[in-house]
1. Can you work out which of the residues in region 130-141 that are of a type in the set (A, V, I, L, M) and touching a Pro at 6+ places or on another chain (Cβ under 7 Å) is farthest from residue 40 (Cα to Cα)?
2. Could you say which residue among 56, 98 is at pLDDT 95 or above, surrounded by fewer than 17 Cβ atoms within 10 Å (Cβ to Cβ) and touching a Ser or Thr at 6+ places or on another chain (Cβ under 8 Å)?
3. What are the pairs, 6+ residues apart or on separate chains, where a residue within region 50-78 that is touching a residue at least 40 places away in the same chain (Cβ under 8 Å) has its Cβ under 6 Å from a residue that is basic (Lys, Arg) and assigned to a strand (DSSP E or B)?
4. Hey, any hits in region 65-86 for a residue that's in a loop (DSSP other than H, G, I, E, B) and in contact with a His (Cβ under 7 Å, 6 or more places away or on another chain)?
5. Kindly indicate whether residue 91 is in a helix (DSSP H, G or I), surrounded by 13 or more Cβ atoms within 10 Å (Cβ to Cβ) and either of a type in the set (Lys, Arg) or touching a Ser or Thr at 6+ places or on another chain (Cβ under 6 Å) (or both).
6. Using the structure shown, decide if residue 50 is surrounded by fewer than 14 Cβ atoms within 10 Å (Cβ to Cβ), small (Gly, Ala, Ser) and modelled with pLDDT of 95 or more.
7. So residue 71 clears everything in (1) surrounded by fewer than 16 Cβ atoms within 10 Å (Cβ to Cβ); (2) aromatic (Phe, Trp, Tyr); (3) at pLDDT 95 or above except one condition, right? Which one?
Amino acid sequence: MPCCPEQYQNEALPHNGSGPNDKSEIDNWKSTIDNPPMATEDEYRRIALSLPEVIEENHYGSPSFKVGKTFLSRLREDGENVVLPMPIDERDFWIEQEPNIFHVTEHYQKWAGVLVRLAEVEPERLEELLHGAWLHVAKPAVRKRHPELASG
């Protein structure tokens, strides 16, 4: 059975602005869904600095972020991995579930934290991870000053 009246079967449907209209737009749209954009160093910096009371410092030539005087995160010297504090049991879970994103080197094995590959993580996910790291390291007084973040 035809999808619509005979006079419209060979005509393109009008574009309503809610999705792609021609083949190149459709291919672009499908590519974005299949391969979402990944986080960049600039997005990492923007997200980190959007969190309350976060300051940027330089650590071995790479950006490093602190909540007050407490370490929050840093970009490793390779420019490809972000160091994030995280409870070891949570870290081990994520490494097992998504080893393409989460990993550790021998240097970080005993530390409560994880390495996140920027090229494999979407900006929204990185924002969630940094928010979680902020909650993990921010002092109680800082969290109390920012209840909008402390509620999770």
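1. The first filter runs over region 130-141 and keeps only residues of a type in the set (A, V, I, L, M), leaving 130, 133, 135, 137-138, 141.
From what is left, the residues that are touching a Pro at 6+ places or on another chain (Cβ under 7 Å) are 133, 137.
Details: 133: 18, 137: 23 Å.
So the residue we want is 137.
2. Details: 98 fails: touching a Ser or Thr at 6+ places or on another chain (Cβ under 8 Å).
Going through 56, 98 in turn, just one is at pLDDT 95 or above, surrounded by fewer than 17 Cβ atoms within 10 Å (Cβ to Cβ) and touching a Ser or Thr at 6+ places or on another chain (Cβ under 8 Å): 56.
3. Hits for this filter: 72/66.
4. Within region 65-86, the subset in a loop (DSSP other than H, G, I, E, B) is 68-69, 76-80, 86.
Now restrict to residues that are in contact with a His (Cβ under 7 Å, 6 or more places away or on another chain): 86.
Looking through region 65-86, at least one residue is in a loop (DSSP other than H, G, I, E, B) and in contact with a His (Cβ under 7 Å, 6 or more places away or on another chain).
5. Values: in a helix (DSSP H, G or I): yes; surrounded by 13 or more Cβ atoms within 10 Å (Cβ to Cβ): yes; either of a type in the set (Lys, Arg) or touching a Ser or Thr at 6+ places or on another chain (Cβ under 6 Å) (or both): yes.
Criteria met by residue 91.
6. Details: surrounded by fewer than 14 Cβ atoms within 10 Å (Cβ to Cβ): yes; small (Gly, Ala, Ser): yes; modelled with pLDDT of 95 or more: yes.
Here the answer is yes, as residue 50 does meet what is asked.
7. (1)
One line per residue, one yes/no per condition, for (1) modelled with pLDDT of 95 or more; (2) among the hydrophobic types (A, V, I, L, M, F, W, C); (3) in contact with a strand residue (DSSP E or B) (Cβ under 6 Å, 6 or more places away or on another chain):
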site: 19; (1), (2), (3): no, no, no
site: 23; (1), (2), (3): no, no, no
site: 26; (1), (2), (3): no, yes, no
site: 40; (1), (2), (3): no, no, no
site: 65; (1), (2), (3): yes, yes, yes
site: 77; (1), (2), (3): no, no, yes
site: 84; (1), (2), (3): yes, yes, yes
site: 121; (1), (2), (3): yes, yes, no
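The values are calculated or read from the model by the stated rules, or taken from the named source; none is laboratory data. No experiment lies behind these values; they were computed from the predicted model shown. Here Cβ is always computed from backbone atoms with ideal geometry, including for glycine, and neighbour counts include all displayed protein chains.
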